[in-house]
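Participant: Mind having a look at this structure? Questions to follow.
The values are calculated or read from the model by the stated rules, or taken from the named source; none is laboratory data. Note that the structure is predicted; figures quoted are calculated from it, not measured. Glycine also receives a Cβ, built like all others from the backbone with ideal geometry; neighbour counts cover every protein chain displayed. Heavy atoms of the whole protein, side chains included, go into the accessibility calculation; ligands, DNA and RNA do not. Shrake-Rupley method; radii C 1.70, N 1.55, O 1.52, S 1.80 Å.
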Amino acid sequence: MSEHVSPSLYDQLGGAAAVDAAVDIFYRKVLSDDRVSHFFDDVDMDRQAAKQKAFLTMAFGGPHNYTGADMRRGHAHLVARGLNDGHFDTIVELLGSTLAELNVPQPLIAQVAAIAESTRADVLNR
Amino acid sequence: MPSITFDGRDCEVLPGETVLDCLLRSGIAVPHSCKAGACQSCLMKAGSAAGLADAQAGLKDTLRAQGYFLACSLRPLEDLAVALPGGEVRTAARITGLEALNETVLRVRLRTEEPFAYFAGQYLSLVREDGLARSYSLASLPNEGDLELHVRRIPGGAMSEWLHREAPEGNTVWLQGPAGNCFYVPGKPEEPLLLVGTGTGLAPLYGIVRDALAQGHTGPIWLFHGALTPSGLYLTQELQQLAERYPNLRYVRAALRDGGADGVENGELDACIRARLPKLAGFKAYVCGDPALVNSLRKKLFLAGVASKAIYADAFLPSALPVASACT
Ligand SMILES: Cc1cc2nc3c(=O)[nH]c(=O)nc-3n(C[C@H](O)[C@H](O)[C@H](O)COP(=O)(O)OP(=O)(O)OC[C@H]3O[C@@H](n4cnc5c(N)ncnc54)[C@H](O)[C@@H]3O)c2cc1C
Ligand code: FES
């Protein structure tokens, strides 16, 4: 009767509250990291914070409606400005250090990184 | 192609065109200013309220429910009947006072017959009788009776030159709004507050700071006012007196040029802030004024530790260029 359903990654991380806790830390890291900050120089902060939140929700395995095509369209202008694998690696690294700062266990961080990794081809428009 | 019906006329929408641009192109005068969804001058009402959500950002729930939307933010995909807002969202006001606060800033006082509810620091759309509309922030407190705006003279500016040059005291104008999230929210009296404004960006802050103090705010309140030169500052005596009366209020003035004397700092506003407040975690911040400065400051404040949700900003976007009129 009591079938055990293991909680989703999103729930294990703490759901929407975890995204809220992570978004400022992550976005601050992105904006202050010289390797990637120049991609965010001239963006509207409100809109950008909303985008970071959507990205984190997706990477946390939460509810989202991103498609590969959206990813491509959303990053095409950055690819045109030179966005490459190195920048992508930096973002994944900053995502990992954000979660570490929030004391998320390493195996869960690895799962988040794997989800982020699965978007690489779309983000880089390959 | 979809078409827009306005006052018995049909206007065909070009691909990607907004309701506002379509109507203006068709020679229909719709009040507007920023064309960026910020000033709410272009408020209109649609016959049916379906599919409007994206064009209703920032509108009050009561307006949304009635099908109001921002004409500059809606790109219609199907036929739509629209109308200009009627008396129910506009309040008539009389210009009761005009007073120079410095060489370029005019204090405009307005009196409404009907009550006009707002929070100090919100902005309204001032609509002249001929439909010219511009947004201005409220510097007054709701219990003060008259509304107060601070209007900077923009050379060649349609609204600001009219107010400065023709001194239309006694004229009737229309007010739409209020709008915006830059206002004091009681409930955390000990929270540290940071208020940063350039030029007439002081207007909303002058309302917010007095509102916070009147509501018994006990935590530190830092008010930074910046201008190009010291002559661009204003209300300095009033604010100095306020700071003397309330020890938790710190008032800092800065000029980009020619500062360094008479209590005016010389230099960039964000450097002045950093020198006094290197760490801003836990602060609530209000940033108002010049759009470029507002955007760069809010990022700097965020990096200095203010939570993104604790930054309230009003960028004083200028009016957008008119589109060529080609009546169909
Ligand atoms: C939310 C919001 C709040 C605002 N609050 C205030 C306020 O409290 N006090 C205030 O004075 N203004 C405020 N503004 C700006 C105001 O709405 C008008 O844009 C401004 O008064 C100029 O209008 P105008 O009709 O005189 O000039 P326009 O006829 O609109 O402009 C004339 C020319 O000057 C240019 N121009 C416009 N603004 C500037 C500028 N700042 N610097 C250089 N060139 C410019 C225009 O691009 C145009 O070419 C606010 C704007 C917004 C969106
Ligand atoms: S909000 Fe539409 S013109 Fe400003």
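Participant: From B:Asp54, B:Asp61, which residue is surrounded by fewer than 19 Cβ atoms within 10 Å (Cβ to Cβ), within 22 Å of B:Pro2 (Cα to Cα) and of a type outside the set (Ser, Thr, Tyr)? Walk me through it before giving the result.
Facilitator: Numbers: B:Asp61 fails: within 22 Å of B:Pro2 (Cα to Cα).
Being surrounded by fewer than 19 Cβ atoms within 10 Å (Cβ to Cβ), within 22 Å of B:Pro2 (Cα to Cα) and of a type outside the set (Ser, Thr, Tyr) holds for just one of B:Asp54, B:Asp61, which is B:Asp54.
Participant: Okay, next question. Could we say that B:Trp174 is away from chain A (no Cβ under 14 Å) and away from ligand 2 (no atom under 16 Å from the Cβ) here?
Facilitator: No, not satisfied.
Participant: Residues in the range A:25-47 that are more than 9 Å from chain B (Cβ to nearest Cβ), assigned to a helix (DSSP H, G or I) and not hydroxyl-bearing (Ser, Thr, Tyr): how many?
Facilitator: 7
Participant: Which residues, taken from the range B:172-181, are assigned to a loop (DSSP other than H, G, I, E, B) and surrounded by 15 or more Cβ atoms within 10 Å (Cβ to Cβ)?
Facilitator: B:Gly180
Participant: Only one of B:Gly67, B:Gly51 is more than 16 Å from ligand 1 (Cβ to nearest atom), in contact with a strand residue (DSSP E or B) (Cβ under 9 Å, 6 or more places away or on another chain), under 16 Å from B:Gly16 (Cα atoms) and more than 14 Å from chain A (Cβ to nearest Cβ). Can you tell me which?
Facilitator: Numbers: B:Gly67 fails: under 16 Å from B:Gly16 (Cα atoms).
Testing whether each residue is more than 16 Å from ligand 1 (Cβ to nearest atom), in contact with a strand residue (DSSP E or B) (Cβ under 9 Å, 6 or more places away or on another chain), under 16 Å from B:Gly16 (Cα atoms) and more than 14 Å from chain A (Cβ to nearest Cβ) leaves just B:Gly51.
Participant: From (1) touching a residue at least 60 places away in the same chain (Cβ under 8 Å); (2) surrounded by 14 or more Cβ atoms within 10 Å (Cβ to Cβ); (3) within 29 Å of B:Ile28 (Cβ to Cβ), pick out the condition that doesn't hold for B:Val108.
Facilitator: (1)
Participant: Here's another thing I want to ask about it. Can you find even one residue in the range A:5-24 that is open to solvent by 80 Å² or more (accessible area, probe 1.4 Å), assigned to a loop (DSSP other than H, G, I, E, B) and within 14 Å of chain B (Cβ to nearest Cβ)?
Facilitator: no
Participant: Further question: Does B:Val19 satisfy the criteria of being within 16 Å of ligand 1 (Cβ to nearest atom) and either in the same structural domain as B:Thr236 (by TED's automatic domain parsing) or crowded, with 18+ Cβ neighbours inside 10 Å (or both)?
Facilitator: Values: within 16 Å of ligand 1 (Cβ to nearest atom): no; either in the same structural domain as B:Thr236 (by TED's automatic domain parsing) or crowded, with 18+ Cβ neighbours inside 10 Å (or both): yes.
Taking the combined requirement at face value, the residue does not satisfy it.
Participant: Is it true that B:Gly201 is at pLDDT below 95 and either within 16 Å of ligand 2 (Cβ to nearest atom) or within 13 Å of the chain's Cα centre (by Cα) (or both)? Walk me through how you get there before you give the answer.
Facilitator: Working: at pLDDT below 95: no; either within 16 Å of ligand 2 (Cβ to nearest atom) or within 13 Å of the chain's Cα centre (by Cα) (or both): yes.
No, not satisfied.
Participant: Among (1) more than 14 Å from every other protein chain (Cβ to nearest Cβ); (2) among the β-branched types (Val, Ile, Thr); (3) in contact with a helix residue (DSSP H, G or I) (Cβ under 6 Å, 6 or more places away or on another chain), there is one condition A:Ile91 misses while meeting the rest; what is its number?
Facilitator: (3)
Participant: Out of the residues in the range B:68-100 meeting the condition of being small (Gly, Ala, Ser) and under 22 Å from B:Leu147 (Cβ atoms), tell me which one is surrounded by the most Cβ atoms within 10 Å (Cβ to Cβ). Spell out how you get there, then give the answer.
Facilitator: Filtering the range B:68-100 down to residues small (Gly, Ala, Ser) leaves B:71, B:73, B:81, B:83, B:86-87, B:92-93, B:97, B:100.
Among the residues that remain, those that are also under 22 Å from B:Leu147 (Cβ atoms) are: B:86-87, B:92-93, B:97, B:100.
Numbers: B:Gly86: 8, B:Gly87: 9, B:Ala92: 15, B:Ala93: 23, B:Gly97: 13, B:Ala100: 12.
Looking at the filtered set, the residue picked out is B:Ala93.
Participant: Can you find even one residue in the range A:60-70 that is open to solvent by less than 30 Å² (accessible area, probe 1.4 Å), modelled with pLDDT of 85 or more and in a helix (DSSP H, G or I)?
Facilitator: Within the range A:60-70, not a single residue is open to solvent by less than 30 Å² (accessible area, probe 1.4 Å), modelled with pLDDT of 85 or more and in a helix (DSSP H, G or I).
Participant: Another question, then. Please go through (1) modelled with pLDDT of 90 or more; (2) open to solvent by 60 Å² or more (accessible area, probe 1.4 Å); (3) hydrophobic (A, V, I, L, M, F, W, C); (4) under 30 Å from B:Glu148 (Cβ atoms) for B:Ala36 and return the number of the only condition it doesn't satisfy.
Facilitator: All conditions are met except number (1).
Participant: Just the residues that are among the acidic types (Asp, Glu) and either without any contact (Cβ under 8 Å) to a residue 24 or more places away in the chain or over 22 Å from B:Met159 (Cβ atoms) (or both), please, taken from the range B:2-32.
Facilitator: Of all residues in the range B:2-32, those among the acidic types (Asp, Glu) come to B:7, B:10, B:12, B:17, B:21.
Listed by number, the residues that qualify are B:Asp7, B:Asp10, B:Glu12, B:Glu17.
Participant: Enumerate the helices (runs of 4 or more DSSP H) found wholly within the range B:209-328, keeping only those where 2 or more residues are away from chain A (no Cβ under 14 Å) and open to solvent by 20 Å² or more (accessible area, probe 1.4 Å). Before the answer, list the steps.
Facilitator: Numbers: elements: B:236-245, B:269-276, B:291-303.
Per the criteria, B:236-245, B:269-276.
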